[in-house]
Amino acid sequence: MKNTCLAFFLIPLIFISCAKPLSKSDSPLELEGYLFKSSLPLKYAKEFKIDEYHSVFDSSVTESEPNIKTAFVDPEESAEINQKSSIYMITISGADRYLLLPKDCTVPQNLPSKVAVIRTPVTNVYLCASSAMALWNRLGSLDPIKFSAVQKKDWYVPEAIRAMEESKILYAGKYNAPDFELLLKEKCSLAIESTMIYHTPQIKEKLESLGIPVFVDKSSYEENPLGRMEWIKLYGLMCKKQEVAEDFFQEQLTRIETNVTSQNTIPKSVSFFYITSNGMVVIRGSEDYIVKMIEMAGGEYAFKNTRKSSSPSVTISMEQFYAQCASSDILIYNSSIDNTLHSKADLLSKSPLFAEFKAVQAGEIWMTGKYLYQATDRIGDMILDLRKIVTGNTEKMIFLERVE
């Protein structure tokens, strides 16, 4: 698929991810019996790195390539190595390392103990990182996913719901209370966790002690939303569907390029929020990926100068919200967190101050769907929806619904 340079870089610096890059000292490991070939190119993701290696017995790789360190193995052992298969070293956030190794390849000798080995293509996966389900689904099949840490009623990915109804995916307990007996009985080979697993390190250690590698998805650390979606390339390697992953990602970029940059607009101010049960307002911090999507779409986030926080959300009073957002052109209510908003009357019932908001008076009230945070594969569509409300061309919306 043809690579294109995204013209929407003209929206100043928004597409350049602010996520911290991997460590400069993160050089490729030497693997006995394998040659380092190259690091796979990534466009926006900053929280993972993929290094490709070939067997020293693969005749397609030569030692004439610069800066390649070779470790030889006994030729009599070469029969145990798949000579034409690449293997991949995944480095997450400059620290955690995972070796993706085909099932017919031997583990390199002297592999550091902290490197987890994941056999590919993966099977019988225990998926705890809910944001990853949509990416696995986009790879064409959920067959590798055997266990879920999310119950059927809490999924918004239709294919995942159907797979659980048909018992193709089994509920195996929450991330912090997995059904170890079920995982062992059904031969779980990999647990994909969110960063929540760090709150229960004993669970991670228990899984590993049972021979189940634990891969921690840190896509939530990607401040550029397209960086989050680019994690599909990593999962494509796990299930040997690299081309599917590459094609999907490029198709999303092309759609954004074609539709976002086709119109010049006057920026409109946008507020993204929800109201808590005690009347406080929860907004997104200025570094959050949803804010980045608003800016990519040509909007101006009303709270662009909020303080940096370890949490993506910031809680303020209704009076503070009114002072900052009464003049906003567009209000977007986050119904994925609070689903009590169904009409303009519902919004006014939360605070009479809303009657004085410019956006309320102009009918520019919108709300998200419940599936927002599980739709990692539809980030492009979300940006396009935001673009539509900024430009006023609001036909065929997918994620956002006007509140009447």
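The values are calculated or read from the model by the stated rules, or taken from the named source; none is laboratory data. From a predicted model like this one, the values you see are computed outputs, not experimental measurements. Cβ placement follows ideal geometry from the backbone for every residue including glycine, while neighbour counts extend to all protein chains displayed. Side chains are part of the model used for accessible areas, which takes the heavy atoms of the whole protein and leaves out ligands, DNA and RNA. Shrake-Rupley method; radii C 1.70, N 1.55, O 1.52, S 1.80 Å.
Carbon and sulfur together cover what percent of the accessible area of the range 106-165 at a 1.4 Å probe radius? If you can, show how the numbers build up before the last one.
Numbers: 1180 of 2640 Å².
That share works out to 45 percent.
Express as a percent, rounded to the nearest 5, the fraction of DSSP beta bridges in the range 251-404 (both residues included) that run antiparallel. Taking every DSSP beta bridge within the range 251-404, about 50 percent pair in antiparallel fashion.
Which order, highest average first, do 269-278, 291-300 follow once you tally other Cβ atoms within 10 Å for each residue and take the mean per peptide? Let's see the in-between values first.
Numbers: 269-278: 19.0, 291-300: 23.8.
Top to bottom by mean Cβ count within 10 Å: 291-300, 269-278.
For the Cα trace of the range 352-404, dividing Rg by the Kirkwood Rh returns an Rg/Rh value of 1.03. Placing Leu237, Leu210 in order of accessible area, with the largest value first and a 1.4 Å probe, yields Leu210, Leu237.
Along the axis of the charge dipole computed for the range 164-283 (Cβ charges of +1 for Lys and Arg, -1 for Asp and Glu, origin at the Cα centre), the listed residues Gln252, Ser220, Leu234 are led at the positive end by Ser220.
Assuming R0 = 45 Å, what is the FRET efficiency of Asn278 and Asp96, from their Cβ-Cβ distance, to the nearest 0.05?
Details: r = 39 Å, r/R0 = 0.86.
So, using R0 = 45 Å, E works out to roughly 0.70.
Taking all protein chains as shown and a probe of 1.4 angstrom, Arg402 keeps an accessible surface of around 70 Å². The charge dipole of the range 194-333, taken about its Cα centre with unit charges on the Cβ atoms of Lys, Arg (+1), Asp and Glu (-1) only, comes to about 280 debye.
Using a 1.4 angstrom probe on the protein heavy atoms only, line up His54, His199 by accessible area, largest first. Numbers along the way, then the final one.
Values: His54 15, His199 130 Å².
Largest to smallest exposure gives the sequence His199, His54.
Compute the projected area of the convex hull of the Cα atoms of the range 160-283, averaged over all viewing directions, and report it in nm² to one decimal place.
Values: hull surface 48.8 nm².
Across all orientations, the range 160-283 yields a mean hull projection of 12.2 nm².
Note on Cys128: accessible area approximately 20 square angstrom, rounded to 10, probe 1.4 Å, nucleic acids and ligands left out.
So what's the net charge close to Asp338: Lys and Arg +1, Asp and Glu -1, counting the other residues with Cβ under 13 Å from its Cβ? Net of charged neighbours comes to +1. A Förster radius of 51 Å combined with the Cβ-Cβ distance from Lys103 to Lys370 puts the calculated FRET efficiency at roughly 0.85. The lysines within cross-link reach of Lys46, meaning a Cα-to-Cα straight distance under 16 Å and a gap of 8 or more places when in the same chain, are Lys20, Lys24, Lys218, Lys233, Lys292.
Quick one: with all protein chains in place, what share of the accessible area of the range 290-393 is carbon or sulfur, to the nearest percent (1.4 Å probe)? If you can, show how the numbers build up before the last one.
Working: 2020 of 4210 Å².
Here carbon and sulfur together make up 48 percent of the probe-accessible area.
Annotation for Met318 and Met397: the two label points, set 7 Å from Cα along the Cα-Cβ direction, are 2.4 nm apart. Of the residues Glu287, Glu404, the one with the largest accessible area comes first in the ranking Glu404, Glu287, computed with a 1.4 Å probe on protein heavy atoms.
Report the full-extension gain for the segment Leu348 to Ile161: residue separation times 0.36 nm, less the Cα-Cα distance, to one decimal in nm. Spell out each step's value before the answer.
Values: separation 187, 0.36 × 187 = 67.32 nm, distance 3.47 nm.
The span from Leu348 to Ile161 would gain 63.9 nm if fully extended.
Using the 1.4 Å probe convention, the accessible area of the range 224-355 works out to 41 Å² per residue with neighbouring protein chains retained.
Are there GluC sites (Glu not before Pro) in the range 134-195 that DSSP marks as loop and that have at most 11 other Cβ atoms within 10 Å, and which are they? Show your work: numbers first, answer last.
Details: sites: Glu159, Glu165, Glu166, Glu181, Glu186, Glu193; in loops: Glu166, Glu186.
Here the sparse-neighbourhood loop sites are Glu166.
Using the 1.4 Å probe convention, the accessible area of the range 122-215 works out to 46 Å² per residue with neighbouring protein chains retained.
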